[in-house]
Amino acid sequence: MRIPKALAALILTLSACAPAPVAQVAMNRPAPAMSGTTLPPMQGFAVQTAPVATRSNADIARDILDLEFLMESGRALPALSRFEGPITVAITGDAPATAHPDLARVMARLRGEAGIDIRPAPVGTRAAITIDFQPRAAMRRLVPSAACFVVPRVSSFAEYRAARSAGLTDWTTVTRRETVGIIVPSDTSPQEVRDCLHEELAQAVGPLNDLYRLPDSVFNDDNFHTVLTGFDMLVLRVHHDAALQSGMSRAEVAARLPAILARLNPAGEGRASAGGSNMAPRAWIDAVEAAIGPRGSDMARRRAAERMLSIARAQGWQDNRLAFSYFALGRAQVGSDIAAATAAFREAQRIWQRLPGGEVRSAHVDMQLAAFALAQGRHPEALALTDRAIPVVRRAENAALLATLLMIRAEANEAIGRPDLAKEARLDSLGWARYGFGTDAMIRARQSDIAGLAASGRSG
């Protein structure tokens with residue numbers, strides 16, 4: 001079965017792989033229940049502690065070494081670098097109202113779960129880490145592909161512009177961190193700001209690399225995890241362990257990691273290795289960017305996703321990268337072959353269901369499948385899929401995805417004659433949407449899009 005192109009475009013905008021949540025209006029149909037309605041207050045997540053890492057210490061040690069001694073570009077880092085002593089943090093620029101409480105919350109987690117001495121900088125002092133909020137357009141003129149980024153030896157976007165040509169912001173020349181700047185867009189959704197705070201602050205105080213093979217980490221460019229996980233907190237605790245120090249080589253850190261992990265993560269001792277620790281070749285990463293990125297035709301994306309899957313199979317991967325390859329192929333097939341897209345999504349889900357941290361990714365598949373079911377009039381199936389995904393997404397603190405699932409749920413309940421349940425889900429979705437999408441216009445556009453899917457299901 002083929003989904004109409006407008007609906008296929010909408011379903012693709014619901015994916016986790018977009019650099020930021022966007023509501024691309026595919027069918028400009030206002031949701032009747034929203035017309036003239038005042039949006040409810042913004043929702044927030046309860047304080048919670050992430051589950052501990054559950055993988056083998058041998059695998060975690062290999063992951064830590066690749067996170068610590070490589071850049072995302074593939075360049076090697078010659079030495080471990082970190083802050084020594086207490087770390088102070090300040091905010092500058094046009095910070096949105098949610099930035100301060102979200103920063104306080106993640107710093108509290110870093111203190112409690114990773115044991116890092118991190119605190120707000122006293123007024124009038126120079127912070128070790130400065131988070132500078134700048135307009136997205138200004139950021140993209142210098143770093144087009146980054147939603148947010150972290151750089152050494154600067155405390156502002158202006159300093160970064162002045163220092164980058166002199167080579168002062170090259171991480172490979174840093175052996176001890178003294179001053180770090182984090183550049184974050186000021187004109188985006190509260191959730192994207194929070195996600196940037198989690199990932200960039202984690203890199204400012206910890207490893208600098210991202211690895212596609214990690215199933216349970218924000219240190220992964222696939223963007224499924226949006227807040228720091230138990231694995232991430234373990235990595236950061238190791239990074240700041242007293243047995244390590246700035247300037248150590250990869251071999252020196254490797255020699256000390258087994259004892260450190262045995263002490264910090266005794267449950268990981270003796271666990272069998274999951275394998276798949278080799279680095280992803282550049283050809284696979286290039287295919288990811290082509291398959292998931294904003295440029296290129298539908299056919300080009302499908303061919304890129306097929307290259308991802310071919311390389312993943314040739315490498316013998318059975319980890320997150322194989323599942324992500326199937327997921328990318330499913331996205332690329334949405335507009336042309338719904339049966340093939342569904343099969344690819346389900347294969348990705350099958351792999352993720354057996355991986356630590358894979359339940360979050362599996363919930364993204366459930367959202368995709370629920371959107372298909374809504375667009376095809378299979379309303380009980382859409383409800384069952386959202387039922388399964390919503391608790392996982394709440395724990396993962398992904399408000400944009402939670403709002404989308406609740407909107408699908410509202411439309412499915414409306415279609416089968418449950419107006420009270422539809423109203424309840426719709427109102428619940430809007431509070432989360434305010435955090436996940438930001439502006440009223442984007443929220444209303446997203447709900448109109450979901451209503452368009454439901455209208456297709458009723459008329460099909």
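Observations, loosely collected:
- Only residues that are surrounded by 15 or more Cβ atoms within 10 Å (Cβ to Cβ), more than 17 Å from Met279 (Cβ to Cβ) and of a type outside the set (Phe, Trp, Tyr) were counted in the range 59-102, giving 16.
- Qualifying residue in the range 399-406 (condition: touching a residue at least 24 places away in the same chain (Cβ under 8 Å), touching a Pro at 6+ places or on another chain (Cβ under 7 Å) and not assigned by TED's automatic domain parsing to the domain that holds Asp195): yes
- Checked against the criterion of being closer than 28 Å to Thr49 by Cα, in contact with a strand residue (DSSP E or B) (Cβ under 7 Å, 6 or more places away or on another chain), in the same structural domain as Thr188 (by TED's automatic domain parsing) and in contact (Cβ under 8 Å) with a residue 60 or more places away in the chain, the candidates Ile129, Ile64 yield just one match: Ile129.
- The conditions of being among the basic types (Lys, Arg), crowded, with 19+ Cβ neighbours inside 10 Å and either assigned by TED's automatic domain parsing to the domain that holds Pro391 or at pLDDT 95 or above (or both) are not met by Arg105.
- Selection status of Thr175, in the same structural domain as Ser246 (by TED's automatic domain parsing), in contact with a helix residue (DSSP H, G or I) (Cβ under 8 Å, 6 or more places away or on another chain) and either crowded, with 17+ Cβ neighbours inside 10 Å or within 27 Å of Gly230 (Cα to Cα) (or both): no
- Restricted to the range 293-389, the set of helices (runs of 4 or more DSSP H) holding at least 3 residues that are polar (S, T, N, Q) and at pLDDT below 95 is empty.
- Subset of the range 178-200 that is out of contact with any helix residue (DSSP H, G or I) (no Cβ under 6 Å at 6 or more places or on another chain) and in a helix (DSSP H, G or I) - its residue that is surrounded by the fewest Cβ atoms within 10 Å (Cβ to Cβ): Glu192
- Of all residues in the range 418-442 being in a loop (DSSP other than H, G, I, E, B) and at pLDDT below 95, the one that is farthest from Thr386 (Cα to Cα): Thr439
- Restricted to the range 401-417, and to residues there that are surrounded by 24 or more Cβ atoms within 10 Å (Cβ to Cβ) and out of contact with any Lys or Arg (no Cβ under 9 Å at 6 or more places or on another chain), the residue that is nearest to Ala46 (Cα to Cα) is Leu401.
- Pairs are defined by a Cβ separation below 7 Å, a sequence spacing of at least 6 or placement on different chains, a first member in the range 335-353 that is over 20 Å from Leu453 (Cβ atoms), and a second member that is assigned to a helix (DSSP H, G or I) and among the charged types (D, E, K, R); the pairs so defined are Trp352/Arg361.
Okay, residues lined up against (1) under 23 Å from Gln191 (Cα atoms); (2) without any contact (Cβ under 8 Å) to a residue 12 or more places away in the chain; (3) among the small types (Gly, Ala, Ser); (4) touching a helix residue (DSSP H, G or I) at 6+ places or on another chain (Cβ under 9 Å):
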position: Ala396; (1), (2), (3), (4): yes, no, yes, yes
position: Gly417; (1), (2), (3), (4): no, yes, yes, no
position: Asp420; (1), (2), (3), (4): no, yes, no, yes
position: Arg426; (1), (2), (3), (4): yes, no, no, yes
position: Trp432; (1), (2), (3), (4): yes, no, no, yes
position: Gly436; (1), (2), (3), (4): yes, no, yes, yes
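- Test: residue in the range 273-282 that is surrounded by 21 or more Cβ atoms within 10 Å (Cβ to Cβ), within 17 Å of Pro215 (Cα to Cα) and touching a helix residue (DSSP H, G or I) at 6+ places or on another chain (Cβ under 7 Å): no
- Flag for Arg164 being of a type in the set (D, E, K, R), over 20 Å from Asp117 (Cβ atoms) and either in a helix (DSSP H, G or I) or assigned by TED's automatic domain parsing to the domain that holds Thr92 (or both): yes
The values are calculated or read from the model by the stated rules, or taken from the named source; none is laboratory data. Please read these numbers as outputs of a predicted model, since none were measured by experiment. Heads up, the Cβs are rebuilt from the backbone with ideal geometry, glycines too, and the neighbour counts pull from every protein chain shown.
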